[in-house]
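One structure is given here, and the rest of the page talks about it.
Read-outs throughout are calculated quantities, based only on the coordinates presented, and are distinct from any laboratory measurement. Quantities reported herein were computed from a predicted structural model and do not represent experimental measurements. Please note: Cβ atoms are built from the backbone with ideal geometry, for glycine as well, and neighbour counts cover all protein chains shown.
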Amino acid sequence: MKSILITGASSGIGLATAKLFLQDGWRVGLVARRADKLHALADTHPGAVPLPCDVTDPAAMDAAFATFCKDATLDALFNNAGTFGPSAPIDEVTPEQFDAVMNVNLRGMFIAARLAFKHMRHQTPQGGRIINNGSLSAHVPRPGSVCYTVSKHAITGLTRTLSLDGRAFDIACGQIDIGNAESEMVANLKAAHPDMHTMDAAHAAQSVLHMARMPLNANVQFMTVMATQMPYIGRG
């Protein structure tokens, strides 16, 4: 049985992805702060392993990875947990708000990637796959999204670095840039912009599964999956 650890697994894209991988027969490690939601999913899916913790807590994350990888190899990480932060021009954003977004979206993803890389490098057989959740904001911003946009541009750098450094250890890394998949975060945006075009999060989950199923000698380096009518191409 193949295994994947998913951060931000209690809702939105993370939850949709966890359910799909479980349906596909994977053993799935569920990382998120909301333990009740993780245990609820595990109660109905024997392959689910609830690992409640905060992705910004290195010790807690280390323990979660150690628990999940104790008796099995780690085939994949979906590095997904994130937060949008304030929607405002930069002069209305406080340094504390900026730091809060960086702590989750960048530091949290660094912590998860670091642990996955370590386990994949030293396990037998060596290797695995890390899939980072980028965003269309890794390419172009929404108005008033300085915190989120900066963090997601940084994730592209993380993806490229992991891809390069992972070659020697048979560790592949790719990035999925998702646009307007229905989630709590997108619902909040849509409340302010009722004409926003969205898509079912299941389409994003199917794309992650496609990336994860590939043999380690092949890789989807970057993938964009989005609501068709988003004004991404030709944004003004």
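Assess whether I171 counts as being surrounded by 20 or more Cβ atoms within 10 Å (Cβ to Cβ), over 22 Å from A205 (Cβ atoms) and of a type outside the set (G, A, S).
Details: surrounded by 20 or more Cβ atoms within 10 Å (Cβ to Cβ): yes; over 22 Å from A205 (Cβ atoms): yes; of a type outside the set (G, A, S): yes.
So I171 passes the test.
Considering only region 57-74, state which residues are closer than 22 Å to T159 by Cα and surrounded by fewer than 20 Cβ atoms within 10 Å (Cβ to Cβ).
Correct list: D57, P58, D62, T73.
Out of all the residues in region 1-21, which are in contact (Cβ under 8 Å) with a residue 60 or more places away in the chain and either of a type in the set (D, E, K, R) or buried (at least 24 other Cβ atoms within 10 Å of the Cβ) (or both)?
K2, I4, L5, I6, T7, G8, A9, I13, G14, T17, K19, F21
Hey, does region 141-154 have a residue that's within 16 Å of T224 (Cα to Cα) and in contact with a Cys (Cβ under 7 Å, 6 or more places away or on another chain)?
No, region 141-154 contains no residue that is within 16 Å of T224 (Cα to Cα) and in contact with a Cys (Cβ under 7 Å, 6 or more places away or on another chain).
Could you list, ordered by first residue, the pairs with Cβ atoms under 7 Å in which the first is in region 140-156 and at positive phi and the second is among the small types (G, A, S) and crowded, with 17+ Cβ neighbours inside 10 Å, at least 6 apart or interchain?
Hits for this filter: G144/S87.
I need every pair where a residue in region 168-179 that is free of Cβ contacts under 8 Å to residues at least 12 places away in the same chain has its Cβ under 9 Å from the Cβ of a residue that is basic (K, R), sequence separation at least 6 or different chains.
Correct list of pairs: A168/R121.
Restricting attention to region 25-44, which residues are farther than 13 Å from S10 by Cβ and either of a type in the set (A, V, I, L, M, F, W, C) or buried (at least 16 other Cβ atoms within 10 Å of the Cβ) (or both)?
W26, R27
In region 130-157, how many residues are farther than 23 Å from V186 by Cβ and in a helix (DSSP H, G or I)?
Of region 130-157, the ones farther than 23 Å from V186 by Cβ are 130, 157.
Among the residues that remain, those that are also in a helix (DSSP H, G or I) are: 157.
Of the residues in region 130-157, 1 are farther than 23 Å from V186 by Cβ and in a helix (DSSP H, G or I).
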